[in-house]
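Below is one structure; the comments refer to it alone.
The values are calculated or read from the model by the stated rules, or taken from the named source; none is laboratory data. Computed from a prediction, not measured in an experiment: that's the story for all the values here. Quick reminder, even Gly has a Cβ in these numbers, built from the backbone with ideal geometry, and neighbours come from all protein chains shown.
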2 protein chains.
Amino acid sequence: MGNVMVAAKARNSSRSKEKIREENELIILIAAEKVFAKHGLKGATTKQIADMAKLPKSNIHYYFHTKLNLYRYVLESILVDWMKAADTFDTFDEPREAIRYYVGAKMDLSRTRPFGSKVWANEIISGAPVMEEILSSRLKKWVDTCVNSINTWIELKKIVNVGDAHTLLYMIWATTQHYADFDYQVMILNNGKKLTESEFEEKKQQVIDLVLRSVGLNP
Amino acid sequence: MGNVMVAAKARNSSRSKEKIREENELIILIAAEKVFAKHGLKGATTKQIADMAKLPKSNIHYYFHTKLNLYRYVLESILVDWMKAADTFDTFDEPREAIRYYVGAKMDLSRTRPFGSKVWANEIISGAPVMEEILSSRLKKWVDTCVNSINTWIELKKIVNVGDAHTLLYMIWATTQHYADFDYQVMILNNGKKLTESEFEEKKQQVIDLVLRSVGLNP
DNA sequence: TGATAACCTGACTAAATGGTCAAATGTTTT
DNA sequence: AAAACATTTGACCATTTAGTCAGGTTATCA
C-alpha cells in the first residue's frame, strides 16, 4: 500500500488525484488513532472510524482495505515520532543534558500526541499481538544501546549505580507516558480541569527534576 | 446481585448451593479479569470469558446478567486490593518508610495481580466511562490526603520540594504499574524471558531506591 | 474529446455477538 | 416425598460488524 504513494509521484503531477489520496489517508489515520486509542483494536469499529473521519465506511476500506491494516499504519506512524525523540539519547555526553532532553521530549509527545501513546499502550497491554516483531527487533536494539549509555555513565561515576539500567528507562517511559495514557485520571485529580499549557510545562520540569535526582544528579 | 449472597446465609446452610455460587462466581471473575485485561470492555466477548472459565456462555449470564455488570464486579474486586496497599500511606511518620512500604506493596500487586492492573489501565485509557464516579470520589479523596502527607514532609524538610505532590504520586503509580501493564514488553526486553521471582525482587528494590533518591532521600 | 484509471458510496452479506428462554437437573425445606 | 427453589445449558434471536461489490462520479492524459 505504501508503494502506491511512491508511484503517484508522476511528473506533470496535476495535484488533485494525488492530493485527494494524501489528504484522505491522513484524515482517516487521525480519526483511526483516536478511535483505536479509546477502544483498542478489537473494540474499535470501522463505522466509528468512518464517522469520526466524516467519510462513508466504504471509503475507509477503499484506502486501507482491512481494519488490521489501518491499525498497523497507525502504530507505525506513531513509532516514527517516538524514534525521533529517542534517537538523540546518545548524542549527549553528559547524563544531565541527555536525560533533560529525552524526558522533556517524551513529555512533549505525551502532550502533542496522546492518542498515539494510548494506541501503543493498548497494543502492549494486550500482549502486542500485532507489533511483536517490532518490539523484539527495532525497540530491543534501541534499548540495548541506551542501556549501554547508562552503564557507561555509571562506570564513569557520572550517575549513581541504579542496578539495572532498564529500571531507570522504565521509570522514564512510564512516568512520561502516564500523562498521555491516563490523561483522564490526571484531569479528574486536577479538579476536573485539563492541564493548561503552562501547568504542563511545570509538571514537565518536575518530572525532569525527579528523574535527575533519582540517579543522583542535582537538577 | 450482591444481596443474593447475603441472603444465602441460611441457618441449616447445607453448603452445596451456597458454595456452588461462591465458587462459580470466583471462577468467572478470574476468567473475566484475564479477558478484560487483554481486550478491554468492548473488545472482550462473553464467549471468550465462558471458554476461559470452561463454562457455557449462558452460565456467565446467569450469574452476572450482563457483560457490563461483570466488568464492574471485576473492577471493584481489584480496587479492594489496591486500597489495602494504599491505606497505610499515612500511618508512617517517616517518608523513607512510607515510600518504601507503599512502593513495595504496589510492586507486589503488579506481580501478583497483573490482570487487575491491566483492566484498570484499559478503563482509564478509554476515558473511565464506567468508573468515572469512583475516580472522582473515592480515589480523589485518598489522593488528597496523600498529597497532604507529602506536603507536610516537604514543609518539615524531610524530603526535597518536588513542586506538585501529584507528580511524585504519578511517578510511583506509573512505574510500579508498568511492570504489570507492560509485562509483555518487559519480558521481551529481558531477552524474552519472564522475570523470575528473585529478579523481580531486585527490580522492586531498584524502583524503591530510585523513588527515594528522587525526593532527596538516601536509600 | 474520449478512453482509462482512480475515487466514491449505498446496498448488501456472512459471521459474530449480547442476551433470552424454556426445559432439564439438582438441592433444600416442610 | 413432594413442593419450592436454585442451577445448568442448548437453542434461539435481534443487532452489530468487517468486508464486498456494482455502478456511479471525477480526474488524467493521449
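Tabulated data for the structure shown
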quantity	calculated
Of all residues in the range B:45-77 being in contact (Cβ under 8 Å) with a residue 24 or more places away in the chain and small (Gly, Ala, Ser), the one that is nearest to DNA strand D (Cβ to nearest atom)	B:Ala53
Lone qualifier among B:Thr66, B:Thr45 - being modelled with pLDDT of 95 or more and away from chain A (no Cβ under 14 Å)	B:Thr66
Meets criteria (surrounded by fewer than 19 Cβ atoms within 10 Å (Cβ to Cβ), free of Cβ contacts under 8 Å to residues at least 12 places away in the same chain and away from DNA strand C (no atom under 16 Å from the Cβ)) for B:Thr91	yes
Residue in the range A:45-70 that is nearest to DNA strand C (Cβ to nearest atom), counting only those that are crowded, with 17+ Cβ neighbours inside 10 Å and within 15 Å of B:Lys42 (Cβ to Cβ)	A:Thr46
Some residue of the range B:135-154 being more than 9 Å from chain A (Cβ to nearest Cβ), under 28 Å from B:His39 (Cβ atoms) and not small (Gly, Ala, Ser)	yes
Unique match (being crowded, with 20+ Cβ neighbours inside 10 Å and either away from every other protein chain (no Cβ under 14 Å) or within 16 Å of DNA strand C (Cβ to nearest atom) (or both)) among A:Ile99, A:Ile78	A:Ile78
Those residues of the range A:169-191 which are under 16 Å from A:Ile99 (Cβ atoms), of a type in the set (A, V, I, L, M) and at the interface with another protein chain (Cβ under 7 Å from one of its Cβ atoms), in sequence order	A:Met171, A:Ala174
Whichever residue in the range B:206-219 is within 9 Å of another protein chain (Cβ to nearest Cβ) and touching an Asp or Glu at 6+ places or on another chain (Cβ under 9 Å) and, among such residues, is nearest to A:Asp181 (Cα to Cα)	B:Ser214
Single residue of B:Glu97, B:Glu133 found to be within 30 Å of B:Gln205 (Cα to Cα), acidic (Asp, Glu) and part of a helix (DSSP H, G or I)	B:Glu97
Residues (buried (at least 20 other Cβ atoms within 10 Å of the Cβ) and either within 9 Å of another protein chain (Cβ to nearest Cβ) or small (Gly, Ala, Ser) (or both)) located in the range B:192-205	B:Lys203
